[in-house]
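These notes are about the structure you will find just below.
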Amino acid sequence: MGDDLVLADTGNNGNGRRDLGVYLVREPNPLAVDRARAWRWVPIAYPDQTEFPGTKRWEFDCEAVFAFRGKLWFLTKHRANGSILFPANGTNLYRLDGLRSDRVNVLARTDGKTDLGGWVTAADVSPDGRTLAVLCQAPVASAWLFELPRTGDKLLSGPSRRLVLHGARQAEAIAWESNTHVRVANEQRDIFRLNVADFAPAVAR
């Protein structure tokens, strides 16, 4: 990926899309006269989705994409009872190993959690590469911090901490400001600054 910007086209509210993927766009130089840059389309698919949209598992929507160890990772947003309006609290973690444009890149499922209190809307890795921040929006808005392993791909299986967010409304974005503070934004244009020291140890299943 290098200097590329990653634009994820992975929204899949109804779990019926077959054209998911990411765009890789060379980051433009704001001082350049010609700002046009070539882009590349990388199609992706989930290895465990066999129905479109399906009648049982609505677990193939994704709003949370992050980079870690030179790879792109995807956290899914789940819905209960096959309904767009009702959230389920789990998430599955997938890794993108290839960047082929001439064929579909099948993601590798590596981890998951069954109860985070809400569906996942964003994620980001700390500047020092030690902690993954995960944002959940509904039914309970909260932010999670997962201690990342030195090796392996079980990114959600290490020690975790959680902070419940009050008044966050439709929280949809999370990003690290530094190794000690996280920023959260919602669709109502509010921005919150969270201190890592305020997160409490939690047990996520």
Original post:
Distance from the Cα centre of the range 101-143 to that of the range 165-197, in angstrom?
Top reply: 15 Å
Original post:
For the residues Asp198, Asp48, what sequence is obtained by ranking on other C-beta atoms within 10 Å, fewest first?
Top reply: Asp198, Asp48
Original post:
Are there trypsin sites (Lys or Arg not before Pro) in the range 78-175 that DSSP marks as loop and that have at most 16 other Cβ atoms within 10 Å, and which are they?
Top reply: Arg100, Arg103, Arg130, Arg150, Lys154, Arg169
Subject >> Residues Thr114, Thr151, Thr121, sorted so that the one with the fewest Cβ neighbours within 10 Å comes first >> reply: Thr151, Thr114, Thr121
**OP:** Could you line up Trp144, Trp41 from fewest to most neighbouring Cβ atoms inside 10 Å?
**Re:** Trp41, Trp144
**OP:** Can you tell me the dipole magnitude for the range 5-117 around its Cα centre, using point charges on the Cβ only (Lys, Arg +1; Asp, Glu -1), in Debye to the nearest 20?
**Re:** 180 debye
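None of the figures in this text is laboratory data; all of them are computed from the coordinates on show. Since the structure is predicted, the reported quantities are computational estimates derived from the model, not experimental observations. Note: ideal-geometry Cβ built from the backbone for every residue, glycine included; neighbour counts use all protein chains shown.
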